[in-house]
Amino acid sequence: MDADRAVTRLRDAVAAIVGDEHVLLDDDMRAGYETDWTGRYTGRASMVVRPATTDQVAAVVRHCDEHAIAIIPQGGNTGLVGAAVPRAHSTRPTIVLSMRRLDVIGRVDVDALQVTAGAGVTIAAWRASARAVGLDIPIDFAARDSATIGGAIATNAGGSRVLRYGTMRRQVVGVEAVLADGSVVGSLAGLPKETVGLDWPSLVAGTEGTMAIVTAARLRLVPLFEHVVTALVSMATIADAVTLVGLLRQRLGSLDAVEIVQQQALDLVAAHLGTAPPILPSAGGTIVLVECADHRDPSIDLSAVVDSAPGVLDTAVAIDPVQRAHLVQFRDRITEAIAAVAASTGVPTYKLDVAVPIRAVGELLDVAGRAADSDRAELIAFGHLAEGNLHLNYLRTTTPSTIAETVLGAVARLGGTISAEHGIGVAKTSWMHLVRSAADLDAQRALRRALDPNRILNPGVLEPVTPIAQVP
Ligand code: MLT
Ligand code: ZN
């Protein structure tokens with residue numbers, strides 16, 4: 001059968017399941033689904049298919065399995081490792097399976113503190129549903145308006161509240177998911193205790209759509225605190241910043257977030273917004289953003305800890321929502337500011353998302369900075385200090401692989417991980433061996449083969465490849 005006839009047959013088959021208007025064939029219509037938002041990862045799909053129910057997902061997946069068609073599951077397309085867009089050099093018939101129409105959110109169970117949400121519900125909509133009944137969600141990150149529940153589970157997303165509540169994996173008390181043969185598995189009962197063998201949330205969280213496609217999840221909710229205080233603290237050294245994290249954790253039960261914003265990142269946002277930085281520059285280049293949230297005002301307790309910490313050069317504190325938002329934007333809008341520079345230079349940002357034991361953050365920043373210097377690139381570093389999780393963004397880089405080898409090699413030596421919250425995708429497959437043993441990778445491969453013998457679920461993603469160079 002020639003290629004055009006095969007595409008027509010596939011279109012007819014999936015249109016019969018999801019409806020004509022939800023099969024996108026035109027180049028223009030597909031474009032927004034085929035390139036990630038950094039512009040670094042792109043590929044072509046035969047079509048984009050937009051199911052609205054679990055039954056439709058199952059029927060589309062079954063058809064693809066029978067005809068060995070690759071499926072790229074996609075939520076809000078806010079991923080940063082190329083996992084949710086078609087593979088660049090694949091010649092295999094491929095569809096993007098957009099999950100955004102599975103956007104139904106159920107009634108909040110205020111007794112169990114849980115809600116059931118479709119995979120296409122955004123993080124912002126999940127939060128709005130909780131806040132409408134005086135509750136909150138345990139996860140927050142800057143892409144909240146577009147990122148979806150399904151994508152957040154697939155990447156085991158983190159964000160700023162991990163310190164208090166853990167990563168996405170811990171928020172999923174049940175899932176419904178479609179396996180590669182089109183069968184539907186899991187449970188949305190949300191029982192806090194259950195021991196009847198395999199735990200589907202554990203299998204799908206962090207496996208980037210390679211084991212099953214999540215269609216809905218039962219999610220944990222948390223109290224909504226009426227008092228929130230935000231502080232930006234300029235630190236003399238990175239070692240002082242690490243000491244501050246320890247003091248905050250030891251003394252403040254209300255601690256919600258401890259983020260790191262390197263001076264270059266703060267200056268970049270200030271330039272992007274056309275506004276002055278809200279605090280004096282840090283001699284050592286490190287600014288810490290702290291948030292506490294409680295049922296009573298935590299600002300006095302927070303100030304007491306900050307005042308007692310060594311190396312504090314300047315502090316800006318806000319409890320008023322407008323003033324808090326002003327401070328928070330210097331953290332929240334870094335990615336957007338970086339994207340604006342990348343767009344103006346025409347060179348996509350090279351992004352590494354790594355974590356090391358918190359005491360090693362300073363050493364890693366030194367290595368990362370030297371890697372930028374040797375490429376004449378610019379490093380914009382920020383992230384989640386409490387977890388030792390750094391987002392290392394390289395602007396105007398010409399040798400991203402060399403940078404990755406240097407930095408990821410150092411990360412492994414320091415006892416860290418090559419992906420803390422963005423996933424492996426297609427971006428980091430060459431370095432999985434640095435943090436996973438051969439036995440571990442073999443077991444993952446065997447599991448995947450058993451569940452997806454025709455290799456239709458997100459092929460190329462999370463597939464370890466032979467190291468492209470020996471990392472010292
Ligand atoms: C963040 O923490 O803002 C996100 O992980 C996004 C990013 O790294 O660009
Ligand atoms: Zn992050």
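The values are calculated or read from the model by the stated rules, or taken from the named source; none is laboratory data. Please read these numbers as outputs of a predicted model, since none were measured by experiment. Positions of Cβ are backbone-derived with ideal geometry, glycine not excepted, and every protein chain shown enters the neighbour counts. These area figures cover heavy atoms from the full protein model, side chains too; ligands, DNA and RNA do not enter into them. Shrake-Rupley method; radii C 1.70, N 1.55, O 1.52, S 1.80 Å.
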Under Karplus coefficients 6.51, -1.76 and 1.60, residue-wise ³J(HN,Hα) of segment 400-409 in Hz, glycine/proline x: x, 5, 5, 4, 4, 4, 5, 6, 5, x
Could you calculate the contour length gain from LEU451 to HIS227, that is, 0.36 nm times the residue separation minus the distance between their Cα atoms, to one decimal place in nm? 76.0 nm
Once you put a point 7 Å from the Cα of ASP307 and another 7 Å from the Cα of VAL133, both along the Cβ direction, what distance in nm separates them? 4.2
Please compute the length gained on full extension between GLU21 and ARG44, using 0.36 nm multiplied by the number of residues separating them and subtracting their Cα-Cα distance. 6.3 nm
Picking from GLY285, THR275, THR315, whose Cα lies most toward the positive end of the charge dipole for segment 228-322 (charges on Cβ: Lys, Arg +1; Asp, Glu -1)? GLY285
In whole Hz, with x marking every Gly and Pro, tabulate ³J(HN,Hα) for segment 144-155 from phi via Karplus 6.51 cos²θ - 1.76 cosθ + 1.60, θ = phi - 60°. 4, 6, 10, 4, 10, 4, x, x, 5, 6, 4, 9
Output wanted: per-residue J couplings in Hz (rounded whole) for segment 223-239, from phi through Karplus 6.51 cos²θ - 1.76 cosθ + 1.60, θ = phi - 60°, x for Gly and Pro. x, 9, 8, 7, 10, 10, 10, 10, 10, 9, 10, 8, 10, 5, 9, 5, 5
Using a Förster distance of 22 Å, how high is the FRET efficiency between ASP2 and SER90, based on the Cβ-Cβ distance and rounded to 0.05? 0.75
Please compute the contact order of the chain in relative form: average sequence separation of alpha-carbon pairs under 8 Å and at least six residues apart, divided by the residue count, as a percent. 15
Accessible area per residue in Å² at 1.4 Å probe, computed on the chain: 41
With a ≥ b ≥ c the root eigenvalues of the C-alpha gyration tensor of segment 229-295, is it rounded (a/c under 1.5), prolate (a/b larger than b/c) or oblate? oblate
In degrees rounded to 10, the 0-90 angle between helix 263-273 Cα long axis and the longest Cα principal axis of the chain is 70
Only Lys, Arg (+1) and Asp, Glu (-1) charged, at Cβ; segment 336-449 dipole about Cα centre in debye: 360
For n ≥ 4 DSSP H runs only, could you compute -39500 (n - 2.57) per run for the chain, divide by its residues and tell me the 222 nm figure to the nearest 500? -10500 deg cm²/dmol
Can you compute the FRET efficiency between GLU336 and ASP28 using 1/(1 + (r/R0)^6), with r the Cβ-Cβ distance and R0 = 30 Å? Round to the nearest 0.05. 0.75
Angle, helix 321-332 long axis vs. longest principal axis of the chain, Cα atoms, 0 to 90°, nearest 10? 70
What percentage of the solvent-accessible surface of the chain, computed with a 1.4 Å probe over protein heavy atoms, is contributed by carbon and sulfur atoms? 53
With only Lys, Arg, Asp and Glu charged, each at its Cβ (+1 for the first two, -1 for the last two), find how big the charge dipole of the chain is about the Cα centre; round to the nearest 20 debye. 640
Taking the Cβ of VAL269 as the centre, find all other residues whose Cβ is under 15 Å away and add up their charges (Lys, Arg: +1; Asp, Glu: -1). -3
Based on the alpha-carbon gyration tensor of the chain and its eigenvalue square roots a ≥ b ≥ c, which shape applies: rounded if a/c is under 1.5, prolate if not and a/b is larger than b/c, or oblate? prolate
Simple Cβ-charge dipole of segment 2-101, Lys/Arg +1 and Asp/Glu -1, about Cα centre, in debye nearest 20: 300
If each part is reduced to its alpha-carbon centroid, segment 213-237 and segment 107-123 end up apart, in Å, by 17
Of the candidates ALA13, HIS89, ALA45, the farthest towards the positive dipole end of segment 1-104 (Lys/Arg Cβ +1, Asp/Glu Cβ -1, centred on the Cα centre) is HIS89
